[in-house]
Each structure stands twice: as C-alpha cells, then as structure tokens.
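Chemist: Dropping the structure in here first, questions after.
Every number here is computed from the coordinates shown, using simple stated rules; none is lab data. All values derive from a computational prediction rather than experimental measurement. A quick note on method: Cβ atoms are made from the backbone with ideal geometry, for glycine too, and the neighbour counts reach across all protein chains shown.
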Amino acid sequence: MIVHKKLTNGFEYIEVKNEAAEAKVALQGAHLFHYERAGEEPILWLSEASDFELGKAIRGGVPICWPWFGFNEDKSLPQHGFARTSLWEFVGSDEVDVKTTVLTLRLTHDEKTFQIWHYKFLLELKITISDKLSMELKTTNLDDSAFKISQALHTYFSVSHISETAIKGLDKKPYLDALTWKKELQEGDITFNQEVDRVYQEVDGEIVLGDKNRTIHIKNDGSSSVVVWNPWIEKTLRMSAMKEDAYKYFVCIESANAFDNARILEPQESHTLVASFS
Ligand code: BG6
C-alpha cells in the first residue's frame with residue numbers, strides 16, 4: 001500500500017506498507033524518516049523534537065547530504081548542501097511483490113539551486129523497502145563542465161542506549177577526527193563514552209552495528225568513506241531539534257564520499273552511492 005499524505009502546513013510525504021516493512025519518505029529532501037520491519041522496533045531514529053516544516057531539515061532518519069558533505073568553503077552556504085531541504089519530485093512506485101516496494105524520487109537544477117551551486121545535474125534516489133532497506137543515490141552531471149561532489153546518506157540508527165552500542169568493521173581503518181582534525185587509526189570496535197565525529201576512509205567491507213537488542217548489517221557501494229557521529233551531552237544541548245537526552249538513543253553511521261573521497265564527474269558521467277541495511 002502506498003499513500004500520499006499532506007500535513008496542514010503543506011509538508012508532504014509518502015507512506016509505504018507491505019508484508020515485510022513500513023516506511024515514510026518526505027518529498028522535502030527525499031528524506032526517509034521512518035523504517036520498521038514487521039513486528040520489530042524502528043531501525044531509524046527520529047527526534048521527538050524534529051520539525052516537519054518546509055525549509056528545515058528533519059532531525060533523524062536519512063538526510064541526504066549533497067552536493068557537499070559538512071561545511072562549504074563559503075560559510076554562507078548551508079552545511080551538508082541543499083538536497084536535504086529541497087523539494088524533490090516523486091517519480092513513482094513499484095510494488096514488486098507483497099514484501100517489496102520501490103520508490104523513486106528525483107531532484108534537478110532550477111533557479112533556486114543555481115543560486116547555491118552553478119551546475120546542471122540530475123539526482124535520483126531509489127529506495128527499496130523490504131525486510132532489507134536499500135537506498136541508491138545516483139548523480140548525473142548534465143552540465144558542460146566537470147563538477148566535484150561529496151555526499152552522505154546520513155543515517156541516524158536507533159539504539160537501545162549509546163553506552164551499550166558497538167560498531168564493528170572499521171578496525172585498522174584510518175580516520176580523520178573532525179574534533180581535532182588529526183588523522184588517526186582505529187583500533188578495535190568503536191564504543192562511546194564521549195562525543196565522536198570521525199570520517200573513516202578506505203572502508204570496503206560490511207559494518208555491523210550492535211546494541212543490547214539487535215544487530216544491523218550495513219553494506220555500502222560506490223563509497224569508501226563512513227562517518228560515525230554521536231554529539232554526546234554538550235553538543236546535543238546546542239543542536240537544533242534535539243531533546244537534551246537525545247544523544248543516548250542514536251548513532252549516525254553515514255555512507256559517504258567525503259573529504260579525500262570526493263568524486264569528480266565529467267559531463268554526462270554518473271555516480272551511484274548505495275547503502276543497504278539488514
Ligand atoms: C555529521 C557531522 O555528519 O552531521 C557533524 O559529522 C554534524 O559534525 C552532524 O554536527 C549534524 O549536522 P547538522 O547540519 O544536521 O546539524
């Protein structure tokens with residue numbers, strides 16, 4: 001079942017239910033903000049304090065950071081780019097079988113995007129909702145010049161408690177610590193007892209997120225960087241759309257092409273970033 005919903009303030013989203021899972025995707029940002037397998041707790045975290053308002057990014061789910069990840073050199077431009085606050089077009093849906101639904105959304109250049117970024121592009125997102133969740137973000141350069149993108153599927157995973165959470169699969173991987181801007185090497189699993197904001201590079205295999213109740217397997221393709229982020233106590237207090245204890249209940253593991261892993265696309269060239277969770 002696919003239902004197109006609209007809030008009184010004009011905010012629109014698509015609700016999907018099939019025998020394996022249910023999901024909700026906002027047209028603003030093509031932002032998946034709910035995914036739950038039948039009979040299980042939601043896999044994605046969504047802030048109780050999040051706004052569903054045009055022009056404001058939803059806090060939680062899977063924001064799409066594009067065409068840049070993090071800050072732009074021009075500090076007047078929005079952090080994580082404009083895709084997450086732009087209105088996407090819902091292209092269509094395909095109920096492949098009773099347990100699998102595919103949604104397609106797209107964003108292309110217009111006068112508004114030209115004010116922020118001077119290139120012609122097509123950005124397409126295909127979301128497969130089943131007992132596994134998969135997201136494919138395809139960028140095509142429609143311009144006459146090459147352009148450079150960095151990007152992330154900035155997934156907020158819901159966890160039983162951050163202190164019971166461990167991430168496997170990044171042992172011996174180099175990372176840039178975004179709190180000190182130093183290059184470091186991961187030793188063992190990642191666990192949390194303070195703020196963590198790291199960009200892992202040269203990532204190739206599966207990443208496994210475990211907490212007290214469950215294990216989630218994350219596979220990425222077309223990406224070799226992974227961002228791991230939890231704001232901990234102090235930063236949470238300064239963040240928009242987060243309650244003061246929010247940091248306890250999520251961790252972001254972002255499927256990315258960031259910093260050294262940014263991609264240059266020649267005219268007519270495409271690149272696809274894929275993340276899947278099971
Ligand atoms: C993460 C960054 O990807 O996004 C953090 O590594 C940042 O530094 C976080 O704080 C949230 O960003 P925003 O723009 O959604 O508040």
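Chemist: Show me the GluC sites (Glu not before Pro) within the range 244-278 that DSSP assigns to loop and that have at most 13 other Cβ atoms within 10 Å of their Cβ.
Modeler: Qualifying residues, ordered by number: E244, E269.
Chemist: Oh, and also: May I ask which of K5/K99; K148/K248; K17/K132 have a Cα-Cα span longer than 25 Å here?
Modeler: Exceeds cut-off: K148/K248.
Chemist: Still on this model: Mind grabbing the base-10 log of I(q)/I(0) for the chain at q = 0.07, 0.11 Å⁻¹? Debye formula, identical points on the C-alpha positions, no solvent, two decimal places.
Modeler: Calculated log10 I(q)/I(0) at the listed q: -0.23, -0.60.
Chemist: Would the range 42-144 count as rounded, prolate or oblate if I go by the C-alpha gyration tensor, calling it rounded below 1.5 in a/c and otherwise prolate when a/b exceeds b/c, oblate otherwise?
Modeler: oblate
Chemist: Of the options I58, S47, W68, report the single residue whose Cα projects farthest towards the positive end of the charge dipole of the range 35-89 (beta-carbon charges: Lys, Arg +1; Asp, Glu -1).
Modeler: My answer, from the dipole projection, is W68.
Chemist: Give me the dipole magnitude in Debye, nearest 20, for the chain about the Cα centre, with unit charges on the beta carbon: positive for Lys and Arg, negative for Asp and Glu.
Modeler: Its charge dipole is roughly 300 debye.
Chemist: Turning to a different aspect of this structure: Rounded to the nearest 500, what is the chain's calculated 222 nm mean residue ellipticity when only DSSP H runs of at least 4 contribute -39500 (n - 2.57) each, over all residues?
Modeler: That calculation yields -1000 deg cm²/dmol at 222 nm.
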